[in-house]
Amino acid sequence: MAKVSMIVNGTPATGNIDPRTLLVQFLRENLRLTGTHVGCDTSQCGACVVHLDGKAVKACTVLAVMADGHEVTTIEGLAADGAPLHPMQEAFREHHGLQCGFCTPGMIMTAVDLVNRKGHELSDPVIREELEGNLCRCTGYQNIVLSIAAGAKAMAT
Amino acid sequence: MYDFIYHRPGTVRQAANLFAKNADAKLIAGGHTLVPVMKQRLAAPPHLVDLSHIEGLDGIELKGRNLVIGALAKHNDVATSSTVAEAIPALAELAALIGDPAVRHKGTIGGSLANNDPTADYPAACLALGATIVTNKRKLKPEEFFQGLFTTALEADEIITKVSFPIPRKAAYVKFRNQASRYALVGVFVARLPSGVRVTVTGAGGDGVFRVAAFEDALQKRFASKAIDGLAVSPDGLNSDLHGSAEYRAHLIGVLAKRAVDAANARA
Ligand SMILES: Cc1cc2nc3c(=O)[nH]c(=O)nc-3n(C[C@H](O)[C@H](O)[C@H](O)COP(=O)(O)OP(=O)(O)OC[C@H]3O[C@@H](n4cnc5c(N)ncnc54)[C@H](O)[C@@H]3O)c2cc1C
Ligand code: FES
Ligand code: FES
């Protein structure tokens, strides 16, 4: 077993885990933060994207022990319970950027990372290129792209 | 995934010392090749030595006529570094084409080279630019380092610490992505160095990255895409799979090489 401690959504979290535990498993099974999804478990789909030290990563491809001592933000960390949604979440709601919602946490975490890196004015080609690692089986992407462009602008205000 | 014992050394020396006690240990850097491979049980190292917390191994700096990149530099660091963009813009563009944004936040140049995936991007740059791969034991030229599919000259306990790229006069990388995996179906790196022109190909070779001597000779005489008009690459020894036949890949090499020469010449 291995001891890990990290800051998750601003709160210290610890565990005594099997070193094989993936970060996504630690978040979902130990911390019960089930907003982060596992779609493929093969690093392809992006349903598991969280921020590690402020940067988007695929939590199915990070060992929890490697995140020991680091900071993690999940979809649950974007807006406090009962508080208004994060502007990117609100944009997905407003622009119908989801159908079944399975890919949505990963899409939103990827989108927020994209805004952090590339700013608030995002063209369609840039958004589509940046969604390289996120798959959606429902929407056909059109409304996801719209939502991200709108959410990016809303994050500026 | 099979069970393992996790080690987190703070220095390269500590990491190397762990191999003295655990000969069957394996290094992990970004984990973006090794974790998937361990999940598939294609690798089952009993000890995992995590390099990712060793300080000072992710630097990017100019040293004379060389661009020196630490083994732990992530693809995104290389893609967005102003030092790289100024010295070897082709290298920044190459790094920006690896996988997706999340992959680029974890994967490292050292891990990519050590893995020597025949469809990986960095090997093409290393061989074209004549980079020096520096380990905790020695310095290796790409010709000795890359030894075929997923095979390198690295010993089990040898750690890449940095890669030193000579700065070319001109260079460009053009990648034709596999539509499913986004690795290179074919990628061509063209470099015009003081020592001559080099053209390297990834994604296509049955034995991994390789040079195209006929293109190099022609471009040496005249560095223009027209110079390789009519020169064909033989499909012999090239990969053939459901994504593309050897003939298709051979054709792509010619097309991409011309595009790369044009892109290199288009740079001021
Ligand atoms: C979805 C996805 C898409 C990808 N697309 C591309 C792509 O388009 N092009 C591309 O080139 N790659 C691609 N990759 C691979 C990616 O670039 C990997 O990050 C890289 O190949 C390995 O780097 P790493 O740091 O993650 O290595 P790890 O997975 O940590 O290690 C890989 C191997 O290298 C060894 N190793 C690591 N660091 C060192 C070192 N310093 N010294 C000696 N040995 C070391 C390890 O022991 C292991 O055997 C993709 C990966 C994924 C998951
Ligand atoms: S579950 Fe991690 S990328 Fe699909
Ligand atoms: S909304 Fe169903 S997978 Fe994207």
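Rundown of residues vs (1) away from ligand 2 (no atom under 16 Å from the Cβ); (2) under 12 Å from the mean Cα position of the chain (by Cα), yes/no style:
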| residue | (1), (2) |
| --- | --- |
| A:101 | no, no |
| A:111 | no, yes |
| A:120 | yes, no |
| A:139 | yes, no |
| A:146 | yes, no |
| A:157 | yes, no |
Discussion item. Looking for something more than 16 Å from ligand 2 (Cβ to nearest atom), assigned to a helix (DSSP H, G or I) and open to solvent by less than 20 Å² (accessible area, probe 1.4 Å) - is there at least one such residue anywhere in the stretch B:60-75?
Written reply: yes
Worksheet item: Does residue A:53 satisfy the condition of being free of Cβ contacts under 8 Å to residues at least 60 places away in the same chain and out of contact with any Lys or Arg (no Cβ under 8 Å at 6 or more places or on another chain)?
Response: yes
Worksheet item: Quick one: is residue A:65 within 14 Å of chain B (Cβ to nearest Cβ), open to solvent by less than 20 Å² (accessible area, probe 1.4 Å), in a helix (DSSP H, G or I) and of a type outside the set (Ser, Thr, Tyr)?
Response: yes
Fill in: Sole residue being among the aliphatic types (A, V, I, L, M), touching a residue at least 60 places away in the same chain (Cβ under 8 Å) and within 16 Å of residue A:91 (Cβ to Cβ), chosen from A:145, A:112
A:112
Discussion item. Can you report the number of residues in the stretch A:12-36 which are assigned to a loop (DSSP other than H, G, I, E, B) and either hydroxyl-bearing (Ser, Thr, Tyr) or within 14 Å of chain B (Cβ to nearest Cβ) (or both)?
Written reply: 6
Worksheet entry | Residues located in the stretch A:80-136, provided they are away from chain B (no Cβ under 13 Å), open to solvent by 20 Å² or more (accessible area, probe 1.4 Å) and touching a Cys at 6+ places or on another chain (Cβ under 7 Å) | A:99, A:100
Response to the item:
Going through (1) buried (at least 19 other Cβ atoms within 10 Å of the Cβ); (2) of a type in the set (A, V, I, L, M); (3) within 18 Å of the chain's Cα centre (by Cα) one by one, residue B:153 fails only at (1)
Fill in: Residue that is nearest to residue A:19 (Cα to Cα) [pool: residues in the stretch B:13-28 that are of a type in the set (A, V, I, L, M, F, W, C) and open to solvent by 20 Å² or more (accessible area, probe 1.4 Å)]
B:27
Worksheet item: Within the stretch A:1-37, can you find the residues that are surrounded by 19 or more Cβ atoms within 10 Å (Cβ to Cβ) and within 16 Å of ligand 3 (Cβ to nearest atom)?
Response: A:36, A:37
Worksheet item: Hey, any hits in the stretch B:44-56 for a residue that's more than 14 Å from chain A (Cβ to nearest Cβ) and open to solvent by less than 40 Å² (accessible area, probe 1.4 Å)?
Response: no
Fill in: So residue A:52, is it within 16 Å of ligand 1 (Cβ to nearest atom), open to solvent by 10 Å² or more (accessible area, probe 1.4 Å) and either in the same structural domain as residue A:16 (by TED's automatic domain parsing) or in contact with a strand residue (DSSP E or B) (Cβ under 9 Å, 6 or more places away or on another chain) (or both)
yes
Practice prompt. Considering only the stretch B:73-92, state which residues are within 13 Å of chain A (Cβ to nearest Cβ) and within 19 Å of residue B:177 (Cβ to Cβ).
Written response: B:75, B:76, B:79
Discussion item. Restricting to the stretch B:209-261, and then to whatever is open to solvent by 80 Å² or more (accessible area, probe 1.4 Å), assigned to a helix (DSSP H, G or I) and not hydroxyl-bearing (Ser, Thr, Tyr), can you tell me which residue is farthest from residue B:189 (Cα to Cα)?
Written reply: B:247
Item to complete: Could you check, for the stretch B:85-96, whether at least one of its residues is over 22 Å from residue B:145 (Cα atoms), free of Cβ contacts under 8 Å to residues at least 60 places away in the same chain and open to solvent by 50 Å² or more (accessible area, probe 1.4 Å)?
Response: yes
Practice prompt. Please list, ordered by first then second residue, the pairs with beta carbon atoms under 6 Å, 6 or more apart or interchain, first in the stretch B:156-182 and within 14 Å of chain A (Cβ to nearest Cβ) and over 14 Å from residue B:95 (Cβ atoms), second open to solvent by less than 50 Å² (accessible area, probe 1.4 Å) and of a type in the set (A, V, I, L, M, F, W, C).
Written response: B:178/B:185
Item to complete: With respect to residue A:148, determine if the residue is away from chain B (no Cβ under 14 Å), open to solvent by less than 30 Å² (accessible area, probe 1.4 Å), in contact with a Ser or Thr (Cβ under 9 Å, 6 or more places away or on another chain) and within 16 Å of ligand 3 (Cβ to nearest atom).
Response: no
Fill in: Among (1) without any contact (Cβ under 8 Å) to a residue 60 or more places away in the chain; (2) farther than 30 Å from residue B:9 by Cα; (3) within 14 Å of chain B (Cβ to nearest Cβ), the one test that residue A:45 misses
(1)
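One line per residue, one yes/no per condition, for (1) outside any helix (DSSP H, G or I); (2) assigned by TED's automatic domain parsing to the domain that holds residue B:124:
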| position | (1), (2) |
| --- | --- |
| B:23 | yes, no |
| B:27 | yes, no |
| B:31 | yes, no |
| B:36 | no, no |
| B:44 | yes, no |
| B:55 | yes, no |
| B:95 | no, yes |
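The values are calculated or read from the model by the stated rules, or taken from the named source; none is laboratory data. Just so we're clear, the structure is a prediction, and the values are computed from it rather than from any experiment. Don't worry about glycine lacking a Cβ; one is built from the backbone with ideal geometry, like all the others, and counts go over all protein chains shown. We work out accessible area using only protein heavy atoms, side chains counted, and drop any ligands, DNA or RNA first. Shrake-Rupley method; radii C 1.70, N 1.55, O 1.52, S 1.80 Å.
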